[in-house]
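Reading through the structure tokens given below for one structure.
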Amino acid sequence: MRLNSIFKANRLFLMGILANCIIIGCTETEIEQKPIDETSYTITDGQKGYLRNMNGQRYMETIELKANTSGFMEFTLNATSKAEEISEILLKYDLGILEDYNNETGNEFEALPENSVKIENNGSLILNQNQQQTSPLRLEYTLSGTQVAGKTYVIPLYAKTKSGNLKLSETDSRFLLFLKVAENPGDCNKGNDAVKIFSCIEVNDTNPLNHLCFKLKNSQKYLIDAVILFSDNVILDKKTGTVHAGVNDNVMHVLNNREKYLKPLQDRGIKVILSIMGHYTHAGVANMKEETAKAFAKELKIICDTYQLDGIFYDDEYTTREVPTPPGFDADRSYKAGARLFYEVKRIMPDRWNIAYHLNGTYDFSSEDCKFLDHNGEKKGPEYYVDYAVADYSDYDDIDNLAKHYPGLPENCRGIKSQEFNRGYWNTEDELQQIKQRKAISFIFGMSPFRSSFKTPPYPTNDTQLSMLKKMVRIFYDDELVYDEKPFNKDW
């Protein structure tokens, strides 16, 4: 992503915002890619099992819903090898799982009462001979109306082998289903199998409320599913040796006035995500040592809690290597350090999204170095700490990059074929069809009704921002776009 370089001499914070996603190679330290050392790998004996829900998630997932509603989730028990004999596993509500989690993380999540949860077939999962996966087991839940809007409740689940030789570790036996109660969930949900559109905007010149101008004609759903505020900065205080989040004036104004600029989006189910990136110091999202990452993760949690944000978008750009290396940082960026920050943030904010921008130190979390031991001694990889990953423009021709570099990430959580709306880097109709077929994420950057490219084609293309949005709606949702022609100016 390019940077609009607008500085004030008496300010610490960056006043420019990124305008397009292109790597600046001459100022960045390259990561040397080496073959994975497999000498430390061991092969375990016996058949191991683990829980997975119908969305492909292990360990935990967050569902947002309104009060006085019901829902369901399906679970399967999966095995590492084909069963030699029949095993029966019981899935039960277990309050102790949540108590352990709260004690470990310092949270105070409240459980949804057990009488609001129903597990079919008395929780029995049968792994038959020569199978590696059970049939789905349905769990139903009901919000009674006593739950508080804006609060998250948890259904704690524990699986235990009743008969057979299937073995379950403590970590793989547990699942926490977080239910976030929305005051008004809105109507941007176009279905579980529909493409989601993430819009990353330059807050320096774009009002987030512009995303309310676009709806689908027939379904009346809002077009955009998530808005990414670009961008917060990772700031290194050289006097104290600490790292913190430094927000520029425009982002700060929007956060401080969330009731005006952000809550209307969230009331309609649109997620609001804060982007973080480097700021021309050694500090970045992919070079923090473990203790630094833990401290910075806590600061991000404070920001998300204070401004009621839905997650973090990580962009590893605009760091400057310093010699000697500042305390608390590695000399160079690395995938391991990038993954570590993701892990620490997810560990203390399980109900918020971690979104990886596929670039530099967040490019590849597939190695053993990117797996971390939890308090039970179990390894957690990207399937645990990455919720979504979106492609950089340099990935344009390889739609399978994200699958290779974030193993375990479901296909509908990968953002392929990213578009830069301000400069006219559009998708073709064939590429839009690929996104639809894969039920993937469509990532757009720089959308604004006040830019000339919104209705005037930028040279040498024929499309505009508006015509591309219409094309996306037609292909993704078989519907028509409605633009209300009432855009929101930047009014601060």
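DSSP loop trypsin sites (Lys or Arg not before Pro) in segment 44-89 with at most 10 other Cβ atoms within 10 Å of their Cβ, which ones?
Details: sites: K48, R52, R58, K66, K82; in loops: R58, K82.
The qualifying sites: there are none.
Which whole-number value in Å² is the accessible area per residue of segment 331-389, probe 1.4 Å? List each step's numbers first, then the result.
Values: 1650 Å² over 59 residues.
Per residue, segment 331-389 has 28 Å² of solvent-accessible surface.
Normalised by the number of residues in segment 267-317, what is the relative contact order in percent for Cα pairs under 8 Å and 6+ residues apart?
Normalised by residue count, the contact order of segment 267-317 is 61 percent.
DSSP loop (so not H, G, I, E, B), at most 16 other Cβ within 10 Å: list which GluC sites (Glu not before Pro) in segment 289-356 pass both filters.
In loop regions of segment 289-356 (DSSP not H, G, I, E or B), the sparsely surrounded GluC sites (Glu not before Pro) are E322.
C213: net charge of surrounding residues, Cβ under 10 Å, Lys/Arg +1, Asp/Glu -1, itself excluded?
Within the 10 Å Cβ shell, the charges total 0.
Given H placed on each backbone N at 1.01 Å, which residues far from K196 in sequence or on other chains put an amide H within less than 5 Å of it?
Here S442 satisfy the definition.
From Cα pairs below 8 angstrom and at least 6 apart in sequence, can you work out the relative contact order of the chain, rounded to a whole percent? Walk me through the intermediate numbers first.
Numbers: 1118 pairs, mean separation 73.4, N = 492.
Answer for the chain is 15 percent.
Give the cross-link partners of K336 among the lysines, using a straight C-alpha distance below 17 Å as the criterion and excluding same-chain residues fewer than 8 apart.
Filter leaves K34, K289, K294, K346, K371, K379, K380, K404.
Enumerate the amide H contacts of S231 below 5 Å, restricted to partners 5 or more residues apart or on another chain; note that Pro and chain-start residues carry no placed amide H.
When sequence neighbours closer than 5 places are left aside, the close amide H contacts are V203.
For Kirkwood radius over Cα pairs in Å, the choices are [x] 23.7; [y] 25.0; [z] 22.3; which was calculated from the structure?
[x]
Kindly state, to the nearest 0.05, the FRET efficiency for D193 paired with K455, given R0 = 22 Å and r defined as their beta-carbon distance.
Efficiency computed from Cβ-Cβ geometry: 0.10.
Estimate the FRET efficiency between K263 and T428 by the formula 1/(1 + (r/R0)^6), using the beta-carbon distance for r and 35 Å for R0, to the nearest 0.05.
Values: r = 37 Å, r/R0 = 1.05.
Calculated transfer efficiency: 0.45.
Residues with amide H under 5 Å of A182's amide H, sequence separation 5 or more or different chain, H placed in the peptide plane at 1.01 Å from N; which?
Here the answer is L65, K66, A67, G150, since their amide H atoms fall under 5 Å of that of A182.
Ignoring any ligand, DNA or RNA, what whole percent of the accessible area of the chain comes from carbon and sulfur when the probe is 1.4 angstrom?
Numbers: 9810 of 21340 Å².
Reported share for carbon and sulfur atoms: 46 percent.
Rounded to whole Hz and in sequence order, give me ³J(HN,Hα) for segment 404-411 from the Karplus expression 6.51 cos²θ - 1.76 cosθ + 1.60, θ = phi - 60°, writing x for Gly and Pro.
Each residue's phi maps through the Karplus curve to give 6, 9, 10, x, x, 6, x, 4 Hz.
Suppose R0 equals 45 Å. What FRET efficiency, 1/(1 + (r/R0)^6) with r the Cβ-Cβ distance, do S144 and T325 give to the nearest 0.05?
0.25
I want the antiparallel fraction of DSSP beta bridges within segment 160-262, as a percent rounded to 5.
Working: 7 of 12 bridges.
Looking only at bridges with both residues in segment 160-262, the antiparallel portion is about 60 percent.
Roughly what % of DSSP beta bridges within the chain run antiparallel, to the nearest 5?
Beta bridges within the chain, antiparallel portion: roughly 50 percent.
Given Cα pairs under 8 Å that are at least 6 residues apart, what percent is the relative contact order of segment 142-233?
26
What does the helix-only formula give at 222 nm for the chain: each DSSP H stretch with n ≥ 4 adding -39500 (n - 2.57), the total divided by the residues, and the result rounded to the nearest 500 deg cm²/dmol?
Dividing the helical sum by the residues of the chain leaves -5000 deg cm²/dmol.
Suppose each label sits 7 Å from its Cα in the direction of the beta carbon; what would the D100-S163 distance come out to in nanometres?
About 2.6 nm separates the two model spin labels.
The values are calculated or read from the model by the stated rules, or taken from the named source; none is laboratory data. Owing to the predicted nature of the structure, the values given are computational and were not obtained by experimental measurement. Every residue, glycine as well, gets a Cβ built from its backbone with ideal geometry; the counts of neighbours run over all protein chains shown. Ligands, DNA and RNA are stripped out before the accessible areas are found, and what is left, the full protein with its side chains, is counted by its heavy atoms. Shrake-Rupley method; radii C 1.70, N 1.55, O 1.52, S 1.80 Å.
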